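Note sheet for the following structure.
Each reported figure results from applying straightforward, stated rules to the coordinates on display, with no laboratory input. Everything numeric here is computed off the predicted structure, so don't read it as measured data. So basically every Cβ, Gly included, is an ideal-geometry build from the backbone, and we count neighbours across all protein chains shown.
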Amino acid sequence: MNSTVATPAKPAAATRPGSPVVINEDANHELAIRVEDLNLWYGEKQALKNINIDVFQKNVTALIGPSGCGKSTFLRCLNRMNDLIRSVRIEGLVEMDGRDVNARNMDEVALRRRVGMVFQKPNPFPKSIYDNIAYAPTMHDLVSRRADKDDLVESALRDAGLWEEVKDILDQPGTSLSGGQQQRLCIARAIAVKPDVILMDEPTSALDPISTATIEDLMDKLKTQFSIVTVTHNMQQAARVADYTAFFHMGELVEYNDTKTMFSNPNTKKAEDYITGRYG
Ligand SMILES: Nc1ncnc2c1ncn2[C@@H]1O[C@H](COP(=O)(O)OP(=O)(O)OP(=O)(O)O)[C@@H](O)[C@H]1O
Ligand SMILES: [Mg+2]
């Protein structure tokens, strides 16, 4: 079994077996999350096999691969969302700031504040636009005074590129917005608690092309503040938005590479076949 940590990183790392070529050596290569020898089973069925990957801060990392290869399962390991599934068993290390997120004494609520999530289908709370944003920061005691909440709601909506469209209707239900607006509301909600990492599971697959382009632009802006890990079935999207791309296949991380290299000159035949549409 290959236990080399996949590190699409600095030149020194590029000399290690299987390490990718790095195009932009000036990019941020500080670690956001380190995953080592991660294995996950649903009952008897193994869904993740010996995954090793370093996720870098303030980059977009795309997870690609055929349906059922384990992308969502992997994403959920990063904020312990798999804990909610009873049959799951996990071995290995998922580390943030030198701490194992699966440690018994890890505060899951605090972890999910630091590692937010945006889902495929926009899922606003059944609350006003304002309260969709203000609710979690209030729960986490990040804000209490009304004026501070107002500021936070405005800045989160501005950062999510939604403020101009909703500033006069903040008391209307989040669910009254269009699908693309709802997804930006969910992104605003995720960033309002000031996470370090935002996980996105096919965030644009339910959206029209214009809303998709808006969210892609947004990801590009948000990565100056946050680390983003996103799942996509859209190869053009991965090529457009991601700094690094991880190709999963049947529960294994087959290749992790600088996105440009992944799409122009992948190291593995499997990744090449998938990217060029030969299977998947
Ligand atoms: N809650 C669950 N219980 C049992 N098995 C599951 C569960 N969720 C996922 N699996 C299985 O784990 C494997 C990986 O599933 P996962 O949803 O992570 O794939 P994926 O790469 O996200 O696929 P897709 O592109 O279709 O979303 C699949 O074989 C799936 O059937
Ligand atoms: Mg999935």
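In table form, for the structure just shown:
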{"quantity": "The range 157-218: relative contact order as a whole-number percent, Cα under 8 Å and 6+ apart", "calculated": "36"}
{"quantity": "Which of Ile64, Ile210 has the fewest Cβ neighbours within 10 Å, and the rest in rising order", "calculated": "Ile210, Ile64"}
{"quantity": "Pair Asp208, Gln57: separation of 7 Å Cα→Cβ label points (nm)", "calculated": "4.0"}
{"quantity": "Which of Met81, Met250, Met262 has the fewest Cβ neighbours within 10 Å, and the rest in rising order", "calculated": "Met250, Met81, Met262"}
{"quantity": "Per-residue HN-Hα couplings for the range 112-120 [Karplus 6.51, -1.76, 1.60; θ = phi - 60°; Hz; x = Gly/Pro]", "calculated": "6, 6, 7, 10, x, 9, 10, 9, 4"}
{"quantity": "Rounded tilt (10° steps) of 129-139 against the dominant C-alpha axis of the chain", "calculated": "70"}
{"quantity": "Considering only the range 145-280, percent of DSSP beta bridges that pair antiparallel, nearest 5", "calculated": "55"}
{"quantity": "Theoretical gain in end-to-end length, Glu36 to Lys127 [0.36 nm per residue, Cα-Cα removed]", "calculated": "28.8 nm"}
{"quantity": "The chain: relative contact order as a whole-number percent, Cα under 8 Å and 6+ apart", "calculated": "26"}
{"quantity": "Burial ordering of Leu78, Leu111, Leu157, fewest other beta-carbon atoms within 10 Å first", "calculated": "Leu111, Leu78, Leu157"}
{"quantity": "Under DSSP loop assignment and at most 13 Cβ neighbours within 10 Å, longest GluC sites (Glu not before Pro)-free interval of the chain", "calculated": "45-280"}
{"quantity": "Among beta bridges that DSSP assigns inside the chain, antiparallel share in %, nearest 5", "calculated": "55"}
{"quantity": "Alpha carbon convex hull of the range 38-167, volume per residue in cubic angstrom", "calculated": "155"}
{"quantity": "Prolate/oblate/rounded call for the chain, Cα gyration tensor, a/c under 1.5 rounded", "calculated": "prolate"}
{"quantity": "Ellipticity estimate at 222 nm from DSSP helix runs (n ≥ 4, -39,500 (n - 2.57)) divided over the chain, nearest 500", "calculated": "-9500 deg cm²/dmol"}
{"quantity": "Point-charge dipole on Cβ atoms (K/R +1, D/E -1) for the range 88-182, about Cα centre, debye to 20", "calculated": "300"}
{"quantity": "Cα-projected label distance for Leu142 with Met250, points at 7 Å along beta-carbon direction, nm", "calculated": "4.2"}
{"quantity": "Given Lys221/Lys269; Lys71/Lys260; Lys58/Lys121; Lys221/Lys260; Lys121/Lys269; Lys49/Lys127, the pairs whose alpha carbons are separated by over 29 Å", "calculated": "Lys221/Lys269; Lys121/Lys269; Lys49/Lys127"}
{"quantity": "Spacing of the two label points (7 Å from each Cα toward its C-beta) at Ile169 and Asp97, in nm", "calculated": "3.9"}
{"quantity": "Relative contact order (%) - criterion: Cα under 8 Å, at least six apart; region: the range 106-260", "calculated": "27"}
{"quantity": "Within the range 65-144, trypsin sites (Lys or Arg not before Pro) in DSSP loop having at most 16 other beta-carbon neighbours inside 10 Å", "calculated": "Arg86, Arg104, Lys127"}
